[in-house]
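First comes the structure, then the notes that go with it.
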Amino acid sequence: MRYSNRGMKRRGLVATAVLIAASQPAAASETRGYVVSWWFVATHTVADGSDCPNGINPRTTEAFARVLKEQGYPQAEIEKRVIEAAEKGQGGGGYHQIMSTRGRDKDGKPVNTYENPERVADPKIKLSQAKVAYGFNLDGKVSSEDFTDPETGEKGIDNQYYRALGCLDTYRATVGVSRPAIPEFKWDVTREHAPAWLIEISGIDDYQNDDQVEVSWHLATTAAIKDASSGVRRDMTMMVDAGSRMKVRLPAKIQDGWLLTDQVDELKLISDPYFGPGYDFKRARVRIKFNEDGSIRGILGGYLDYLKAYWGEGGSYGSTWEYFMGGDLPGLYYAMKKSADADPDSNGQNKSISSTWWFEGVPAFVTHPNRAEAQLSDARKSP
Amino acid sequence: MSVTNRLATRRRFLQGMLQGTAITVGLPFLECFLNGNGTALAATGKELPVCFGTWFWGCGLNPGRWEPKTVGANYDIHDELEPLAAFRDRMNVFSGLRLFADGKPFNPHGSGAIAVMTGDVPSAIGTSNYLPSLDNLIADRVGAGRRFRSLEMTATGDPKDCYSYRGGRVVNSAEPSPVAMYERLFGAGFVDPNAADFKPDTKVMLRHSALSAVTEQRQSLMRDLGASDKRRLDEYLTSVRQLEQQLAVQLEKPAPMAACTMPPKITNAKSDGLELESVKTNNQLFAKLAAHALACGQTQVFNVVFTNAISGLRKAGEPSTHHLLTHEESVDEKLGYQKKATWFLGEVISSLAVFLKELDSIREVDGTLLDRTLVYASSEGGLARTHSLENIPVFTIGSANGRVKTGLHVPCSGDSITRVGLTIQQAMGLPVAKWGTDSNETSRPIREIMV
Amino acid sequence: MNTVTVKGMSKRGFVFALAGLAVAALLGYGGWRMWGGPSAEDAVVNIPPAARRLTKLQYTNVVSDIFGPDVRPGGRMEPDLRQEHLIAIGASKTSITASGLEQYDAAARGIAQQVLGQEDYRAQVMPCEPKSETAADPDCASTFLSRAGTLLYRRPLTSQELEQFTQIASKAATETGDFYGGLQLALSTLMISGPFLFIVDNVDQQSDGEPRLDSYSIASRLSFFLWNSVPDAELLRAAEAGELHTQKGVEGQVDRMLESPKLRQGMRAFFSDMLELDLFDTLTKDAAIYPAFSFDVARDAREQTLRTLVNLLIDRDGDYRDIFTAKETFLNRVLASAYGIPVPTDALLDGNGWFRYEFPSDSEHSGILTQIGFVSAHSHPGRTSPTLRGKAVRELLMCQSVPDPPAGVDFTLIQDTKNPEFKTARDRLDAHNSVPSCAGCHKIMDPMGLALEAFDGVARHRTTENGAVIDTSGELDGVAFKNAAELGQAMRQNAAAATCLVNRLYSYSLGRTPGPQERPFLTDAKQRFVEDGYRLRGLLRAIATSKAFLSVKPAPNSDTIVANADIH
């Protein structure tokens, strides 16, 4: 790429310095800063569709037609309403009204579908049957419902979140190559307004092998700024919001160019309410790769409360999610409930669901208000 | 000046009407308000107005890859002219034309562009006075009675990309925004020729009348100035009179024009300079606007710059522009030409076809709008790679209501391109016997296309 | 705030104070002095009166100064013409086309609507109230138009003019039943009339019958030169009192104007013109290749260069030569990211505003040549251009013209066709610099541009291109340099740079290239500029108080084309 990576050269030198006997003074550790430019659920769709052997889940109009049929509308009317909804949006054909009140309480009266997903019969959406998915072996066990990671080849990968939505049309993509449509859209809108996420990696002595570095994840005081190609602008100076509740520090190691953090009990990421209530991960860890052009990409895996995950992923958007993102929100709810794989409650229902999230970061100067000088992304020192 | 007299007549006439009463019957349609050709009124069987336009692109065409091999009618269209195949019988292709630089300091691309439009290779770009360009000479003849004397547009995003010269150092500027052009043509000041009733706007009358205060300042304005400054200010005052004319046109019930319809409103304003898709989009939008403007009698002369002489046309994501490629890309041994640079030429000529298609899509009494138009399409040189002034591609499309023959390839080896400009002027009824300066001066029109 | 409500502007016509007449009698050749001693201006100067069209920036400043900064002209305006390297000169050569006038008319009507169409605004500018808002009132209309006209025309309206424009207002008010509507029409007509759109030299007579620029024309020359806008109330007063026909009067006003905050606006306009910063109006870069170059960067880059210059040359009264070597500049958050520079915490806490930044002493960033405002403007959309940059250095900063390339040259034949992928720009230009017919010109342009190759198309510093190391060494008129910082030093030492400023500033002030008679003055001015430490204010004063700038000799009906007499 265009930008020469002087950091790369320096890594070589530093590596040499480390190998030479300790009589040489060690080079100063580096700290690198990044703005998270992309964040979405890590999907790994298979091109031939074999991850969804029973087909892709019904889309908006099919789901609407099915609901109309369940509610006893005559066929001609169903067709008319479906066409209207397709042309006019949620306001057409009574889509919004019908879809958002199809739950039925004990007396048979309509209730809000999304707040009461269990008041709708389980449409049994198809779950992903993929064998490969990004993530980590979060529970230390290898079971039949686990995946294999496409990058590391590790078995026992826990990513039930992906299983639940892997056969939804608008979530199908292979991250690193393409982006899942709806998560991409949601993130793109959010990052214009929400305070940015900043990642700092400190204590780097060697980018290939280093047994002690630290990854911290902060909320910034300002949103990310776009550049002329609608990506996130590189080399912006971003201030950490020291007053925020988000305080993530993860010890990590680098091995053969891959950074892997410890698994931590709790990892809370705060976000903008529009995007979601935030992420309260349990037993989470992060993996990061340094790209040649100075940017980073990685994954974060951890357990989320399945109810909150349902709410954050789609529930809070209601019929908008169903209309644009395809299909059946109660269906997603039941899928998540069924796929949840940890922390059983007294009734044996698992409360937590394993998930993996893909992120990318562009270099930034991350500065803290309570430090005298900015901690700089090293390769960006002015010439 | 006859134009001044006519306007004076109109102004006095209109001032007499200013009593604040609403006028629902149109003002009498006086012969003296028509231009010299006798125009409009398809309803009375008279011919529709003849139109003239220029369409300019930069960096020429590759010699040998566009000139038809056969002469006269039914010539072969091949390679770089391929996109114009559908227009073959309505266009004339002139091959072998060139410009003579006569040893003048030569500004690559720049000198050619000016010469192609004015017939004069300027002796020094940037400091010499320009002669009036072809379109201005024609607009002087046919533009007087119209709301706009001429319309200048550029697809490049830069208003300075315009080769319409008024004379001296006055250059028209081009409208780079289709949105703004739409507003200008079809916004507040537009009077629909086909509207059932017509009521002159009092405010327009008042604005028209107020302009006399401006023109009457002429003497005091110029009192202490030298001759060239006087000429410049006279040019400004001519523009004031043109504004008067424009307002006067709005006060008069226009003759109905059957093919006149308003184009769809243009609201998209995104433009990315010389990025190819942006330029093509602008070209198409301007084509529509020009076509409707002509069909609605708003003007009879237009000028379009698709790319300027130096053609910085670029493909998104590519570091080299069209112009840079013409100088840096090696000639492909098998093909015999520069592959990437020539690709751009294909885009250019296709865009000319797009433009012509819009004119052609307006059906009128005896054919289409294109039939009563004459489009002068040209570039500033032949082979861009060597800044060659030979084999300059020139076409005319449309017959100007039968004033020129079409469908011919006329080889004009070694002649100056001014022969085409001379021919066009004569066809449009201008009383000129010669055109061009120095070695580009010619008195030989191209008889093959004359009627 | 210099709004329309100017007090004491009730007089019309010219009033010559007796004292003014007396001083005028003392004027004549040899009457003007700068720093004392015999002046180089004793020769007869034959400079015809001129008319210059308002530039786009002047139009905006004028509207803002007269009606207040909230009133903005809308829409697009006819592009300025650049001739002999300056828009200021183009303004003396161009006219107004029909479509241009349409645009001025639309802008004028918009402004009149803003000023008189809204009650609160109207209250600020109206000096009187009409007897009825639904009928004509010639007295009130006349009072308003007299004041507005004086400010717009930069001179009082003649009685005939005032009567005509009042009539416009009255007739329209009667026809439409709207006083303010009528007044708007008169105001907008004023703003499309010749004396507004053109800065016209008017001539009157000294007591001995010799022609001279009239007071108001002098006032206009001074204010458009130093402030790029209309004279303020004090300058108009001095004009009316005849003070501008005295040396002391002019010097007093010039000194006042040089201390005014408006000087910055004037000098921004000058440097914007000299450095062709209007290129940024239509500059686009390929978004995929240079994602950092967004609209804000384009706008802010121009601002950065202007701030750097104004701060150095006006605020700190600095040495002009430092513009090539200064490490200090001004950045904001987005520009800092474009350069790859971290924003100091204090500045960041301050918001997205501008902050002072100093490049390290060993940095190659050095003066304005290494700023985005220069290297980016003189590059292609997708890559750099040493030739464009080198040419710009020669033409814009050294006032040396580079001839056009010869016709009929086939560069592809010259290049080594076996190695079509040249790694660095120096390789690509190698053929241009070795073939004799090309080398002559390329040798005077390319070396500076090649030093600037350390900065890519958006001024990002780099040391390699396509994997090959960039060689930034070269020489400028015999002075060798190793990199861009040393190029700055070489420019600093080069006499042509200072001479160029003197010539350009003089040309800018008058809107034309100097003639042979002005050569002695310019040589003198340059000498004193150097002795004075290359300070801009001193040079401005020298020009603004010079006989050359303030006098005129009509050459009726002559069309002398004055030869270019730029000093070397």
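Just so it is clear, none of the values below were taken in a lab; they were calculated from the coordinates. Every value quoted in this text rests on a predicted model; they were computed, and no experiment measured them. For neighbour counting, all protein chains shown are included, and Cβ atoms are generated from backbone atoms with ideal geometry for every residue, glycine included.
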> For chain C, what value does the Rg/Rh ratio take when both radii are computed over Cα atoms and Rh is the Kirkwood radius, given to two decimals?
Replying inline: 1.01
>> Helix-only estimate, please: 222 nm mean residue ellipticity of chain B, summing -39500 (n - 2.57) across DSSP H runs of length 4 or more and dividing by its residues, to the nearest 500.
In response: -10000 deg cm²/dmol
>> Principal axis extents for region B:357-424, Cα atoms only, whole Å, descending order, please.
In response: 46, 21, 17
> Averaged over C:177-186, how many beta carbons belonging to a partner chain fall within 10 Å of each residue's beta carbon?
Replying inline: 1
> Of A:Thr60, C:Thr464, how do they rank once you tally other Cβ atoms within 10 Å and put the fewest first?
Replying inline: C:Thr464, A:Thr60
> Using alpha carbon coordinates only, what is the Rg to Rh ratio of chain A, with Rh defined as the Kirkwood radius?
Replying inline: 1.03
>> If I build a Gaussian network model for chain A, linking alpha-carbon pairs within less than 10 angstrom, which residue out of A:Lys131, A:Lys282, A:Lys109 has the largest mean-square fluctuation?
In response: A:Lys109
> Using the count of nearby Cβ atoms within 10 Å as a rough guide to exposure, how do C:Thr463, C:Thr143, B:Thr386 rank from fewest to most?
Replying inline: C:Thr463, C:Thr143, B:Thr386
> Of the listed peptides C:267-275, A:353-361, C:204-212, C:466-474, what is their order by residue-averaged count of other C-beta atoms within 10 Å, with the highest listed first?
Replying inline: A:353-361, C:267-275, C:466-474, C:204-212
> Roughly how large, in nm² to one decimal, is the mean projection of the convex hull of the alpha-carbon atoms in region C:161-315?
Replying inline: 14.5 nm²
> Within a Cβ distance under 11 Å of C:Leu510, other residues only, what is the Lys/Arg minus Asp/Glu net charge?
Replying inline: +1
> With the calculation restricted to Cα positions, what are the radius of gyration and Dmax of region C:70-155 in angstrom?
Replying inline: 16.8, 54
>> Can you tell me the orientation of helix C:98-116 relative to chain C, as the angle in degrees between its alpha-carbon axis and the longest Cα principal axis, to the nearest 10?
In response: 60 degrees
>> Using just the Cα positions, wrap region C:169-251 in a convex hull and report its mean projected area in square nanometres, one decimal place.
In response: 7.3 nm²
>> Per-residue Cβ counts within 10 Å, from other chains only, averaged over C:153-160: what number is that?
In response: 1
> Arranged by the count of other C-beta atoms within 10 angstrom, fewest first, what order do C:Leu263, B:Leu274 take?
Replying inline: C:Leu263, B:Leu274
> What is the packing order of peptides B:98-105, C:193-200, taking the mean over residues of other C-beta atoms within 10 Å and listing the highest first?
Replying inline: C:193-200, B:98-105
> Given a Förster distance of 56 angstrom, what is the FRET efficiency for B:Lys199 paired with B:Lys405, based on the Cβ-Cβ distance and rounded to 0.05?
Replying inline: 0.80
> Given N residues in the protein assembly as shown, what is Rg(Cα) / (2.2 N^0.38 Å)?
Replying inline: 1.05
> For region A:210-265, how big is Rg over Rh, using alpha carbon atoms and the Kirkwood form of Rh?
Replying inline: 1.08
>> Could you work out [θ]222 nm for chain A from helices alone, using -39500 (n - 2.57) per DSSP H run of at least four and dividing by all its residues? Round to the nearest 500 deg cm²/dmol.
In response: -7000 deg cm²/dmol
>> Suppose R0 equals 22 Å. What FRET efficiency, 1/(1 + (r/R0)^6) with r the Cβ-Cβ distance, do C:Leu279 and B:Ala269 give to the nearest 0.05?
In response: 0.55
> Assigning unit charges at the beta carbon (Lys, Arg +1; Asp, Glu -1) and nothing else, what dipole magnitude in debye, to the nearest 20, does the protein assembly as shown show about its Cα centre?
Replying inline: 1840 debye
> At what distance in nm do the modelled label points of C:Ser473 and A:Lys268 sit from each other, each positioned 7 Å from its Cα along Cα→Cβ?
Replying inline: 6.2 nm
> How long are the semi-axes of the ellipsoid equivalent to chain B, from square roots of 5 times the Cα gyration tensor eigenvalues, in whole Å, largest first?
Replying inline: 38, 24, 22
> Where does each of C:234-246, A:255-267, C:92-104 land if you order them by average Cβ count within 10 Å, highest first?
Replying inline: C:92-104, C:234-246, A:255-267
> Separation between the A:Asn370 and C:Arg537 pseudo-spin-labels, each 7 Å from Cα along Cα→Cβ, expressed in nm?
Replying inline: 4.7 nm
> Looking only at other chains, what is the average number of their beta-carbon atoms within 10 angstrom of each beta-carbon in A:178-185?
Replying inline: 0
>> What percent of all Cα-Cα pairs in region A:111-247 falls into each 5 Å bin, going from 0 up to the bin containing the maximum distance?
In response: 2, 8, 10, 12, 15, 17, 18, 11, 5, 2, 1, 0
> In terms of modelled amide H atoms, which long-range or inter-chain residues lie less than 5 Å from the amide H of B:Leu313?
Replying inline: B:His322, B:His323
> Percent antiparallel among DSSP beta bridges with both residues in chain C, to the nearest 5?
Replying inline: 100 percent
>> Can you give me the Kirkwood hydrodynamic radius for region C:331-371, using every pair of distinct Cα atoms, in Å to one decimal?
In response: 10.9 Å
> Taking a label point 7 Å from the Cα of C:Ala123 along the Cα→Cβ vector, which residues of region C:164-185 have an amide N closer than 18 Å to it?
Replying inline: C:180
> How about chain C: what cysteines have no other cysteine beta carbon under 4.7 Å from their own?
Replying inline: C:Cys438, C:Cys441
> Helix C:495-510 sits at what angle to the longest principal axis of chain C, using alpha carbons and giving 0 to 90 degrees rounded to 10?
Replying inline: 20 degrees
